[in-house]
Amino acid sequence: MTVTETTPDTALPESAELRADDVAETPADEVVDEVLVEEISIDGMCGVY
Amino acid sequence: MTTVHPTPRTPPLVEQLKGGLDAPICLTWELTYACNLACVHCLSSSGRRDPRELTTAECFSVVDQLADLQVFYVNMGGGEPMLRKDFFDIVEYSVSRNVGVKFSTNGTYLDAAAARRLASMNYLDVQISLDGMDATTNDAVRGEGSWAAARRAMDHLAAADFGEFKISIVCTRHNVDQLDDYKAMADDYGAQLRITRLRPSGRGVDSYHDLRMTNDQQRQVFHWILDHPDVLTGDSFFHLNALNTETGGENLPGLNLCGAGRIVCLIDPIGDVYACPFVIHDDFLAGNVRDDGGFAHVWRESELFTELRQPQSAGACASCGSFDACQGGCMATKFFTGLPLDGPDPDCVHGHADDALAAIGQGVAPRPSQDHSRPGAAVPVALTRKI
Amino acid sequence: MPDTETTAPRPGATPATAGFDPAARYRLSPRVGLRPEPFGALAYHFDTRRLVFLKSTDLVDLVNALADHPSAAAAIDHTVEPRRRSAFVTALASLAESGVVEPAVEPLLEHPA
């Protein structure tokens with residue numbers, strides 16, 4: 001039995017992020033995975049009464 | 001080759017915070033140990049002014065240091081902060097230096113004139129402490145007349161067009177059924193409701209077992225908070241997230257981690273810096289702002305804070321599937337009940353601390369390092385329904 | 001973005017912008033304290049009491065440079081490589097929603113000749 005060579009783009013269920021990471025194959029794709037802003041609750045935070 | 005995920009450019013936010021920031025985001029600053037009340041669960045055991053209190057000049061210097069660090073705001077409290085004669089001077093100076101002020105008061109000294117003065121200030125939030133929906137429930141914990149004084153303060157704020165203030169309630173076995181009533185009262189005032197967890201800190205060491213909620217009540221509070229996302233909690237109930245198995249994994253809003261020594265800390269009336277206001281004890285004393293290098297040096301270089309910023313072991317909780325959600329609960333609550341810090345919270349919803357708690361003998365659990373209580377002023381716990 | 005609780009603004013606080021228009025010119029709000037951190041920055045809005053993490057030093061640079069460009073899109077194109085453009089547009093839209101950035105009102109200064 002031959003070992004099937006798997007490549008990122010064919011073997012597994014795809015996500016847009018994985019595909020976007022392979023820039024050489026798809027240069028027009030943008031990196032959409034970055035979440036650059038995160039808001040947090042600061043009501044006191046724990047330790048503040 | 002196996003698939004490669006894009007390398008994260010920064011660690012997850014929560015890991016950043018657990019490792020500590022170069023300066024606190026905010027912090028608690030207890031201005032005085034003096035207080036006209038003697039609440040049975042006072043986390044700072046307040047009552048008598050400590051003669052070593054920071055002077056006005058030293059307080060202004062602390063404000064300058066916080067401004068230089070770009071600490072965004074301070075939560076001022078005590079004791080009763082309005083008992084300091086220079087209270088307004090400190091508050092106004094802080095706001096002028098762009099360090100916002102939120103302060104917590106029992107309201108006794110928040111008369112009409114004070115309310116108008118506060119209403120005229122930029123970046124200032126007020127929080128009135130209450131622990132019951134009526135004088136009976138409240139005064140049993142905070143002393144006779146305290147409920148009326150708090151209501152008067154709120155009326156003055158409303159009359160002065162202060163805008164939205166906060167009403168803050170410590171959840172106990174005896175007031176947890178009144179949560180809807182608090183919400184209604186806050187709504188009537190146009191105020192924001194805040195409920196927080198009781199810790200066995202300060203005088204709370206002695207009243208904890210009479211006041212702490214039952215496990216059923218904890219579940220009640222957990223679901224109530226989820227049903228009322230506009231109610232603030234000071235992130236103090238994250239140990240209840242172990243109940244998220246009942247909500248399909250939904251956690252309480254907030255950071256859900258202990259910020260002590262990492263994102264927040266306490267400066268006490270004599271300049272001592274503790275990890276948080278619930279661990280006023282020598283084991284959690286990081287330094288003093290009067291030391292060389294002031295507050296910044298304590299925040300950045302103290303042994304205690306450096307240690308807290310190391311990855312913490314799950315210890316006895318490692319095998320529990322809830323640890324990611326509950327983070328092992330509250331350090332202060334474990335410490336003052338005599339439990340190990342790398343183990344379950346005394347109020348672990350799964351009951352994992354019950355045996356250890358029962359096995360702890362009398363006098364084993366640590367006592368607060370200081371007691372500023374006024375002799376003979378203790379409020380008796382009149383409502384002592386045992387679990 | 002994680003669900004968060006926010007304190008309600010005091011009366012008179014500036015409401016957050018309703019929408020983000022990349023063709024418009026923006027600036028860092030003067031009501032915001034921007035504190036650099038190793039991973040980017042913390043931004044705290046003194047009127048709304050909201051705290052936001054900027055998780056990239058590139059984003060921090062962009063925010064600081066916003067007012068120097070005729071539009072948010074121009075600012076992005078000037079500072080960010082094309083494949084990251086949409087992440088930065090999304091980021092600026094978040095920052096506009098929370099009031100960290102707002103439409104610029106003062107005129108764009110031309111470089112002296």
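The values are calculated or read from the model by the stated rules, or taken from the named source; none is laboratory data. In this text, all values refer to a predicted model and were calculated from it rather than measured experimentally. When we count neighbours, we look across all protein chains shown, and the Cβ atoms used for this are built from the backbone with ideal geometry, even at glycine.
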Within region B:239-266, which residues are surrounded by fewer than 24 Cβ atoms within 10 Å (Cβ to Cβ), within 13 Å of chain A (Cβ to nearest Cβ) and in a helix (DSSP H, G or I)?
-> B:N241
Being crowded, with 19+ Cβ neighbours inside 10 Å and either within 10 Å of chain A (Cβ to nearest Cβ) or among the acidic types (D, E) (or both) is the filter here, so list the residues in region C:98-109 that pass it.
-> C:S98, C:V100, C:E102
Any idea which of B:Y33, B:Y73, B:Y109 is within 23 Å of B:A275 (Cβ to Cβ) and modelled with pLDDT of 95 or more?
-> B:Y33
Of all residues in region B:34-59, which are surrounded by fewer than 23 Cβ atoms within 10 Å (Cβ to Cβ) and part of a strand (DSSP E or B)?
-> B:A34
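Rundown of residues vs (1) within 25 Å of B:C326 (Cα to Cα); (2) of a type outside the set (D, E), yes/no style:
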| position | (1), (2) |
| --- | --- |
| B:A149 | no, yes |
| B:T172 | yes, yes |
| B:L198 | yes, yes |
| B:D230 | yes, no |
Determine if region C:27-35 includes at least one residue that is within 10 Å of chain A (Cβ to nearest Cβ), crowded, with 19+ Cβ neighbours inside 10 Å and not polar (S, T, N, Q).
-> no
Can you give me the number of residues within region B:324-343 that are buried (at least 16 other Cβ atoms within 10 Å of the Cβ), in contact with a Gly (Cβ under 8 Å, 6 or more places away or on another chain) and more than 13 Å from B:F238 (Cα to Cα)?
-> 3
Might you check whether a residue that is closer than 24 Å to A:M45 by Cα, in a helix (DSSP H, G or I) and among the aliphatic types (A, V, I, L, M) occurs anywhere in region C:36-47?
-> no
Could you say whether any residue in region C:63-75 is facing another protein chain (nearest Cβ under 8 Å), modelled with pLDDT of 95 or more and over 30 Å from B:I167 (Cβ atoms)?
-> no
Assess whether B:A318 counts as being at pLDDT below 95 and over 22 Å from the mean Cα position of the chain (by Cα).
-> yes
For region B:316-342, enumerate the residues that are over 23 Å from B:L285 (Cβ atoms) and small (G, A, S).
-> B:A316, B:A318, B:S319, B:G321, B:S322, B:A325
Which of the residues that make up region B:276-295 are within 21 Å of B:P81 (Cβ to Cβ) and within 14 Å of chain A (Cβ to nearest Cβ)?
-> B:C276, B:P277, B:F278, B:V279, B:I280
